[in-house]
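Each remark here refers to the structure printed beneath this line.
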Amino acid sequence: MTQIPPTLPLRALFDAQHSASRAQIDVPLALRRDRLARLKALIDQHGAALSDAVQADFGVRSRQLTEVADLFVLRAAIGQLHKELPRWMKTRRVATPLYLQPASSHIQRQPLGVVGVIGPWNYPLQLNLGPAATALAAGNRVMLKPSELTPHSSALMASLVQGAFSADEFSVVLGGADVAHEFASLPFDHLFFTGSTAVGRKVAAAAAANLTPTTLELGGKSPCIVDASCKLDEAAVKIAHGKLLNAGQTCIAPDYVLLPRGQEAAFEQAYTAAVARLFPTIAGNPDYAAIVSDRHHARLQSLLNEAAAQGARVVDVAAGTSNTGTTRQMNPTLVFNPGPGMKLLDEEIFGPILPVVAYDTVGEAIRYINARPRPLALYWFGSDTSARDQVMASTVSGGVSINDTLMHVAHEGLPFGGVGESGWGAYHGEVGFLRFTQQKPVLVQSRFSMGHLFYPPYGPRFDQIMGLLKRWL
Ligand code: NAD
């Protein structure tokens, strides 16, 4: 395992970053691009070692999965930041209303200062280095606290970052929940958190004590509506891919399926065929990731046991392939007739278990979704555009893919984030850049300003001008 690099104590590190950020408020394009280039070089030169570290953290997780879901996404994000920075950094001219003319106005885009990033374990490179790259591009200093559940990749990121950046520029802090709490209690200029809704509440509370603004990228139960007009075979492959990428350990994985009543047998058949096509075997198949820890595996198993004990029908979709049980690779399952009160329908699943909830009308499916916290993602499959429009108009979610799963996250031009309990604030693309940017409004007064007309003492001239203005507005 990579040596954990020695770092300054947390508060001293923050103070060093804070002083540096106040000493250089105007961060030029060349320096921002240089920081991005150093980050990109680190990913390019150590991509294989980073993939190996992720594989070591999961036990089983293919290099290709890390390549597509972590490194490719990171490269795309850094490439876009590098290209668009000159445009995004530019001062924006704003039209000045008649009553303030002949003044002029603009919005100056400035770095916030020191940004804290707390990240999860499921895509440990993308979800830690991605927000860090965006914050660096916006001209900030960055402190990153990755997850303790992926010790190999977290330690490697720490040592690589330490080799390429000064500590007051970009640093990685290692540790578990205690360190994370201390980290979240630092008076950052912005704190960006990706993780569970439960921990997100704690982060928001710790940040509130400092009036630190937060972005919370959280989880939840993302529904996948299969419309009566849907071709099940085509949809099942996309649903299985979205559900089983990283063995379901994806924040925007479809958490459960809403299926027209009566289509259960057809869906079971289509999903089973889709899984067999994507993952002909489970045990030992590196394309099919292991569950990250024994504790997480046991939690998923207990969700299944509880559902079966309470009368749901649990189908092991890969029963035909042998699973020796020697790894934490967990067979994909479908759960039919899940009942109210089962944890499976209350908790975010975050594993390869897919409950199927039957509905009779589109309105019933919509009511089911709206009776629960607003989801991070929503998926809809079908060809009936009026049913689709009804769902789109009647539900609120962090993001949507129609006739696909996951893909909206890969579009750097679409803001990515949650709503309500699935989080607040979005990133990716310019929206992400602005998340870490102060948009400072500036009004430049003219020598010929008419402002004195509004000064006291108020008299008939003031009333006359106000009367005129009322007619204009
Ligand atoms: P988690 O909430 O358990 O941990 C996330 C991070 O928070 C870790 O670095 C951890 O050390 C830190 N942490 C723990 N206690 C803390 C505290 N008291 N104060 C501050 N930080 C603390 O999440 P996880 O298990 O790593 O990730 C899985 C969850 O993350 C799922 O709910 C998933 O949906 C969500 N997630 C969301 C997104 C998104 O973009 N919205 C992406 C990936 C994962």
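Read the figures in this text as sums done on the coordinates, not as results from a lab. These numbers were taken from a predicted model, which means no experiment stands behind them. Positions of Cβ are backbone-derived with ideal geometry, glycine not excepted, and every protein chain shown enters the neighbour counts.
Quick look at the values:
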{"quantity": "Relative pair counts by distance (%), Cα atoms of the chain, 10 Å bins", "calculated": "4, 19, 26, 22, 15, 8, 4, 2, 0, 0"}
{"quantity": "Cβ-derived FRET efficiency at R0 35 Å, ALA76 paired with LYS440, nearest 0.05", "calculated": "0.75"}
{"quantity": "Bins of 10 Å from zero: percent of alpha-carbon pairs in region 215-320", "calculated": "13, 41, 38, 8, 0"}
{"quantity": "Spatial extent of region 338-473: Rg and Dmax, with the Cα atoms as the point set, Å", "calculated": "25.6, 75"}
{"quantity": "Percent of Cα pairs exceeding the 22 Å cut-off, where the set is region 12-170", "calculated": "46"}
{"quantity": "Chain lengthening between HIS181 and ASP316 when straightened (0.36 nm per residue, less Cα-Cα)", "calculated": "44.7 nm"}
{"quantity": "Ranked GLU268, GLU148, criterion: other C-beta atoms within 10 Å, fewest first", "calculated": "GLU148, GLU268"}
{"quantity": "Whole-Å semi-axes of the ellipsoid equivalent to region 134-247 (Cα gyration tensor, √5λ, descending)", "calculated": "34, 19, 14"}
{"quantity": "In degrees, nearest ten, helix 294-309 long axis to first principal axis of the chain (Cα)", "calculated": "60"}
{"quantity": "Rg/Rg_globular for region 187-253, with Rg_globular taken as 2.2 N^0.38 Å and Rg from C-alpha atoms", "calculated": "1.60"}
{"quantity": "Burial ordering of MET157, MET89, fewest other beta-carbon atoms within 10 Å first", "calculated": "MET89, MET157"}
{"quantity": "Sequence of LEU378, LEU434 once ranked by neighbouring C-beta atoms within 10 Å, starting from the fewest", "calculated": "LEU434, LEU378"}
{"quantity": "Extension gain (nm, one decimal) between ASN370 and ARG63, 0.36 nm per residue minus Cα-Cα", "calculated": "106.6 nm"}
{"quantity": "Contour excess over end-to-end distance, with Cα ends at HIS411 and ARG87 and 0.36 nm allotted per residue", "calculated": "114.7 nm"}
{"quantity": "Pairwise FRET efficiency - LYS470 versus GLN108, Cβ, R0 = 25 Å, nearest 0.05", "calculated": "0.15"}
{"quantity": "Reciprocal mean inverse distance between Cα atoms of region 109-162 - Kirkwood radius, Å", "calculated": "11.4"}
{"quantity": "q = 0.09, 0.10, 0.13, 0.20 Å⁻¹, region 264-419: log10 I(q)/I(0) [Debye, one scatterer per Cα]", "calculated": "-0.34, -0.43, -0.74, -1.50"}
{"quantity": "Separation of the ALA205 and ILE25 label points, Cα + 7 Å toward Cβ, nm", "calculated": "3.5"}
{"quantity": "Region 215-254: translational diffusion in µm²/s, Stokes-Einstein, Kirkwood Rh over Cα pairs, 25 °C, 0.890 mPa s", "calculated": "217"}
{"quantity": "Förster-model FRET efficiency, 41 Å R0, ASP389 and LEU278, C-beta, rounded to 0.05", "calculated": "0.85"}
